[in-house]
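No lab work stands behind these numbers, since they all come straight from the coordinates. Being a predicted model, the structure only gives us computed values, none of them experimental. Positions of Cβ are generated from backbone atoms using ideal geometry, with glycine treated the same way; all protein chains shown enter the neighbour counts.
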Ligand code: APR
């Protein structure tokens, strides 16, 4: 890994993660070979209209993903663990903004974490808006534990056409960070794909991309390091911490 321009250890770091960081844990990414969006129509499983038209199909898609995430073979990898170490040892704040709906960052020990696209292991009632931890499979017969409505429970992930969560908090973090790192995301989905532009133009902080290959907006980052996340993320964290 080439030398990285020194970043002050008392500047906050903001990290955006995408499906690529969880790939080597055994979870599929969305795009490309073997991706979740291959062979499945996004409109049929990941939109509020899809849920209205065919809740059975939508539940079944997310139940399968949930089952996969809960399988004993899936655990955080060295990239998730390295980011938790960075949060522990960096002098200033380290915040992860993840597009991932898995729970591998928290299982690795990261605490300062924002799930901007929601969480697979949570459910929301479309009738009363209450949110619950929900590990079991869901179906049209699921009942809201709060308002007792039948068939109103949905997985608490952000679908196409819906607003990502915590945007005001995220914008503030992007404006105030000293370093922005984007890991394992293809740069296809906004607003996350636009974060590097915001940091560059409004804050002028350093920006780094870590990915197995250059993303769609790779040329917007001041530095890019390419290889599997389990190798390049721990290496990059070592460099930042001087270990
Ligand atoms: N190490 C590092 N990066 C990797 C690895 C790996 N082992 N394997 C794949 N990648 C990279 C790919 O090169 C790609 O840039 O991870 C990225 C995965 O891209 P996507 O599948 O598009 O996932 P993501 O960017 O997280 O998608 C964003 O789209 O539909 C949605 O809501 C969903 O949150 C998701 C959003």
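The table below lists the values:
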item: Cα centroid separation - the range 91-158 against the range 46-84, whole Å; result: 10
item: For the range 1-123: rounded, prolate or oblate by the Cα gyration tensor [a/c cutoff 1.5]; result: prolate
item: Cα gyration tensor category, rounded, prolate or oblate, for the range 170-212 with a/c compared to 1.5; result: oblate
item: Between 0 and 90°, nearest 10: helix 229-241 axis offset from the chain longest Cα axis; result: 50
item: Spin-label model distance (nm) - residue 241 vs residue 63, 7 Å beyond Cα toward Cβ; result: 4.2
item: Where labels lie 7 Å past Cα in the beta-carbon direction, separation of residue 38 and residue 89 in nm; result: 3.7
item: Normalised per residue, the volume of the convex hull around the Cα set of the chain (Å³); result: 122
item: Share, in percent, of DSSP beta bridges within the chain that are antiparallel, nearest 5; result: 30
item: Full-extension gain in nm, residue 130 to residue 7, via 0.36 nm per residue minus C-alpha separation; result: 40.1 nm
item: Pair residue 71, residue 176: separation of 7 Å Cα→Cβ label points (nm); result: 4.1
item: Angstrom value of the Kirkwood radius, inverse mean 1/r, which spans all Cα pairs in the range 1-71; result: 15.2
item: Exposure proxy order (Cβ contacts within 10 Å, fewest to most) of 21, 114; result: 114, 21
item: Degrees separating the helix 167-176 axis from the principal Cα axis of the chain, which is the longest one; result: 0
item: For the range 104-203: rounded, prolate or oblate by the Cα gyration tensor [a/c cutoff 1.5]; result: prolate
item: DSSP bridge pairs, the range 1-144: antiparallel proportion in percent, nearest 5; result: 25
